[in-house]
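Colleague: My structure is below; once you've seen it, I'll send some questions.
The values are calculated or read from the model by the stated rules, or taken from the named source; none is laboratory data. Nothing here was measured: the structure is a model prediction, and the numbers come from that model. Here the Cβ positions follow ideal geometry from the backbone for every residue, glycine too, while neighbour counts run over all protein chains shown.
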Amino acid sequence: MTQMTKRLFVLFAALASTTVLAACNSPTATNTTEEPATEQASEPTEPIAVTEAPEVEPASEALATDNTDTTATPTATEAEGENIVAIASGDSTFSTLVAAINAADLAETLSAEGPYTVFAPTDEAFAALPEGTVEDLLKPENKDKLVQILKYHVVPAKVLSTEIQPGAVETVEGEALEISVNSDTNEVQVNNGKVTKTDIVGSNGVIHVIDTVLMPGAE
């Protein structure tokens, strides 16, 4: 064997041992594949408690405890439920007339079914009479005369302003009133008195307001 050949053999032997050693010292390959994580079974959650809504009191019952006064104000139709004496009694314009009706004991009569039409003098109309006249008429000894005067203001029928016709109209007293109507102004005249307000309607008739106290037998 030549010198050159020996050297090549030694070199190959060294390389071979180096390869073997490297293989032995190489770390074993690690399996890097991760096992799938095992999901832990979730613990069952407690059922959610259902809260009941508070019971609502019905509106009608709630309002029933309210102390508010719900009385309705009387309507026009309800006001017509009053008779003509009650209407006159509730109006300060007729205080003298109401006093005369009571003094003559006619309140019950004029509160009856009727129907009646009353030509009602105001307090100013009575005040226009001669001084002392009203006071004398209200005296018990003059009751008959007072009754006669008051009945002279009453017609035994319900006559609205649209139904008034010129001419004579019989009264409860027995003597007729003379009615005149101005065709231009529709102003109504009763004897020598003027109608200033019409159609105050009650349950048993109607009131027309006049500015004069009417006297039976007067021309």
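Colleague: If the requirement is being polar (S, T, N, Q) and under 21 Å from T93 (Cβ atoms), which of these qualifies: T122, T162?
Modeller: Checking each option against the conditions leaves just T122.
Colleague: Report every pair of residues separated by at least 6 positions or lying on different chains whose Cβ atoms are under 8 Å apart, first residue within the range 197-208 and over 11 Å from L160 (Cα atoms), second of a type outside the set (V, I, T) and part of a strand (DSSP E or B).
Modeller: K197/H208; N204/Y116
Colleague: Can you spot a residue in the range 141-148 that is at pLDDT below 95 and either over 16 Å from P115 (Cα atoms) or under 42 Å from the mean Cα position of the chain (by Cα) (or both)?
Modeller: So far as the range 141-148 goes, no, none of its residues is at pLDDT below 95 and either over 16 Å from P115 (Cα atoms) or under 42 Å from the mean Cα position of the chain (by Cα) (or both).
Colleague: To continue, here is another question. Would you kindly identify the strands (runs of 3 or more DSSP E) lying entirely within the range 104-219 that contain at least 2 residues that are among the basic types (K, R) and crowded, with 19+ Cβ neighbours inside 10 Å?
Modeller: none
Colleague: Residues to consider are I149, I179, I200; find the one that is out of contact with any strand residue (DSSP E or B) (no Cβ under 9 Å at 6 or more places or on another chain) and of a type in the set (V, I, T). Lay out the reasoning, then the answer.
Modeller: Working: I179 fails: out of contact with any strand residue (DSSP E or B) (no Cβ under 9 Å at 6 or more places or on another chain); I200 fails: out of contact with any strand residue (DSSP E or B) (no Cβ under 9 Å at 6 or more places or on another chain).
From the options I149, I179, I200, the qualifying one is I149.
Colleague: Could I ask something else about it? Does T96 satisfy being within 21 Å of E187 (Cα to Cα) and in contact (Cβ under 8 Å) with a residue 12 or more places away in the chain?
Modeller: For T96, the condition - within 21 Å of E187 (Cα to Cα) and in contact (Cβ under 8 Å) with a residue 12 or more places away in the chain - is not met.
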